[in-house]
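**Q** This is the structure, below, for whatever I ask next.
The values are calculated or read from the model by the stated rules, or taken from the named source; none is laboratory data. Given the structure is predicted, the values throughout are model-derived calculations rather than measurements. Because the Cβ atoms are built from the backbone with ideal geometry, glycine has one as well, and the counts that use them run over all protein chains shown. All accessible areas refer to the heavy atoms of the entire protein, side chains included, with ligands and DNA or RNA removed. Shrake-Rupley method; radii C 1.70, N 1.55, O 1.52, S 1.80 Å.
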Amino acid sequence: MVNLSVGICDDDPKCHRRIMEICEKHFADNGDACDFYSYYSGEEVINEHDNHIDLLFLDVEMEGIDGLKVMHKAEEMPNIHSIVFVSAHSEAVWDSFGYKTKGFLPKPVDEKKICRYLDQAYEIKKNDSFIDFPNYTGSVFYKKSEIVYVKSDSNYAVLYLGSNEKIITCTLKECEKKLGGIPFLRVHRSYIVNLDHIKNITGETVCFKDGSAIRIGRSYREKVRKGYNDYLLGELKR
């Protein structure tokens with residue numbers, strides 16, 4: 001069973017409680033599992049290093065560190081996956097865009113919209129399947145979301161998994177077939193990248209969230225541009 005982790009950060013107790021009640025009812029009605037984490041300040045969120053948050057409902061206007069500052073900090077936090085902003089001021093939507101931002105909810109919050117974001121986050125986690133790769137001792141299994149990029153090295157390849165790397169005994173072409181397309185995109189004869197791990201694409205360079213970068217192969221530039229645009233459009237429709 002998929003277990004979703006939802007965080008709620010709002011210093012208004014009434015709104016905080018309302019979002020929590022909607023989330024709890026939604027998962028109870030569907031019989032799905034969910035962990036909830038409550039925060040009443042931006043400081044609490046940026047100091048959260050123990051728990052993984054699949055979806056964070058984040059108030060924009062808070063005392064101390066506001067939601068927009070939290071967003072910029074969260075972009076460097078691997079344990080926070082996505083953010084939906086909540087605000088009584090609709091004009092704040094223009095400042096809330098980031099690569100982890102999935103949406104914007106005006107106050108008072110709408111139950112159907114919250115449930116839609118919960119369902120989207122649940123589907124994304126449910127579809128994060130394991131892939132088996134051959135290695136020198138048999139097979140190894142990794143989730144798609146763990147793979148930052150794959151690098152070709154002669155007749156084998158290297159999986160880059162953030163803090164470590166693993167050698168697998170298959171070609172990049174075989175890896176490309178296993179990974180199954182977007183969010184994975186071939187950007188060079190020697191590289192496949194996971195677009196979920198990139199910050200942006202500027203000119204001829206793929207820039208990752210961890211600060212690293214890869215040059216795009218000359219013959220791949222048009223394909224990368226189109227693939228990245230399709231990926232961004234898909235994210236906006238979620």
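**Q** What base-10 log of the normalised intensity I(q)/I(0) is obtained for the stretch 105-171 from the Debye formula, alpha carbons as equal point scatterers, at q = 0.18, 0.20 Å⁻¹?
**A** -0.72, -0.81
**Q** Averaged across orientations, what area in nm² does the convex hull of the alpha carbons in the stretch 1-71 project?
**A** 4.7
**Q** Let me ask something additional. Just from the alpha-carbon atoms, what are the Rg and Dmax of the stretch 134-180 in angstroms?
**A** Calculated on Cα positions, Rg and Dmax stand at 9.8, 25 Å.
**Q** A follow-up question, please. Using the alpha-carbon atoms, what tilt in degrees (0 to 90, nearest 10) does helix 111-126 show relative to the longest principal axis of the chain?
**A** It is inclined by approximately 30 degrees.
**Q** Hey, if we sort ARG218, ARG18 by accessible area with the 1.4 Å probe, largest down, what's the order?
**A** Details: ARG218 190, ARG18 100 Å².
Order by accessible area, largest first: ARG218, ARG18.
**Q** Taking only C-alpha pairs under 8 Å that are 6+ residues apart, what is the relative contact order of the chain in percent?
**A** RCO, the chain: 12 percent.
**Q** Tell me the net charge near ASP32. Cut-off is 10 Å between Cβ atoms, ASP32 excluded, with +1 for each Lys or Arg and -1 for each Asp or Glu.
**A** So the surrounding residues net to -1.
**Q** What net charge do the residues around TYR136 carry, taking every other residue with its C-beta under 15 Å from that of TYR136, with Lys and Arg at +1 and Asp and Glu at -1?
**A** Working: positive: LYS166; negative: ASP132, ASP153, GLU165.
That sum, taken over residues with Cβ under 15 Å, equals -2.
**Q** Could you calculate, for the stretch 1-41, the ratio of the Cα radius of gyration to the Kirkwood radius, expressed as Rg to Rh?
**A** For the stretch 1-41, the value is 1.01.
**Q** Only Cα pairs within less than 10 Å get springs; with that Gaussian network setup on the chain, which residue of ASP35, ASP119, ASP50 has the largest fluctuation?
**A** Of ASP35, ASP119, ASP50, the most mobile in the Gaussian network model is ASP50.
**Q** Just to be sure I understand: if I project the alpha-carbon convex hull of the stretch 171-227 onto a plane and average over all orientations, what area do I get in nm²? Kindly include the intermediate steps, with their values, before the conclusion.
**A** On the way: hull surface 14.8 nm².
The directionally averaged projection comes out at 3.7 nm².
**Q** Okay, moving on. With Cβ to Cβ distances under 11 Å as the rule, what net charge do the other residues near ILE53 carry (K, R +1; D, E -1)?
**A** -3
**Q** Out of the chymotrypsin sites (Phe, Trp or Tyr not before Pro) in the stretch 168-238, which ones are loop residues according to DSSP with at most 12 other C-beta atoms within 10 Å?
**A** Here no chymotrypsin sites (Phe, Trp or Tyr not before Pro) fit, given the DSSP loop and packing criteria.
**Q** Let me ask something else about it. Where is the GNM fluctuation largest for the chain (alpha-carbon springs, 10 angstrom cutoff): HIS16, HIS89, HIS188?
**A** It is HIS89.
**Q** Now, a different point. Taking Cα atoms, how many degrees apart are the long axis of helix 221-237 and the longest axis of the chain, rounded to 10 and kept between 0 and 90?
**A** Tilt of helix 221-237: around 30 degrees.
**Q** In this model, which of LYS73/LYS143; LYS100/LYS166; LYS143/LYS177; LYS144/LYS166; LYS178/LYS226 are farther than 18 Å apart at the alpha-carbon? Walk me through the intermediate numbers first.
**A** Working: LYS73/LYS143 25 Å; LYS100/LYS166 27 Å; LYS143/LYS177 15 Å; LYS144/LYS166 14 Å; LYS178/LYS226 21 Å.
Beyond 18 Å: LYS73/LYS143; LYS100/LYS166; LYS178/LYS226.
**Q** In a solvent-free Debye calculation with one equal scatterer on each Cα, what is log10 I(q)/I(0) for the chain at q = 0.07, 0.08, 0.13 Å⁻¹, listed in the order of the q values?
**A** Result of the Debye calculation: -0.26, -0.34, -0.85.
**Q** Right, next: Taking the square root of 5 times each eigenvalue of the Cα gyration tensor, what semi-axes in Å does the equivalent ellipsoid of the stretch 126-238 have, largest first?
**A** Largest first, the stretch 126-238 gives 23, 16, 13 Å.
**Q** Share of Cα-Cα pairs in the stretch 56-140 beyond 23 Å, in percent?
**A** Tail of the P(r) past 23 Å holds 35 percent of the pairs.
**Q** Per-residue accessible area for PHE141 at 1.4 Å probe radius, Å² rounded to 10?
**A** My reading of the accessible area for PHE141 is about 130 Å².
**Q** What length, rounded to one decimal in nm, is gained on full extension from GLU24 through to SER190, with 0.36 nm per residue of separation minus their alpha-carbon distance?
**A** The span from GLU24 to SER190 would gain 55.2 nm if fully extended.
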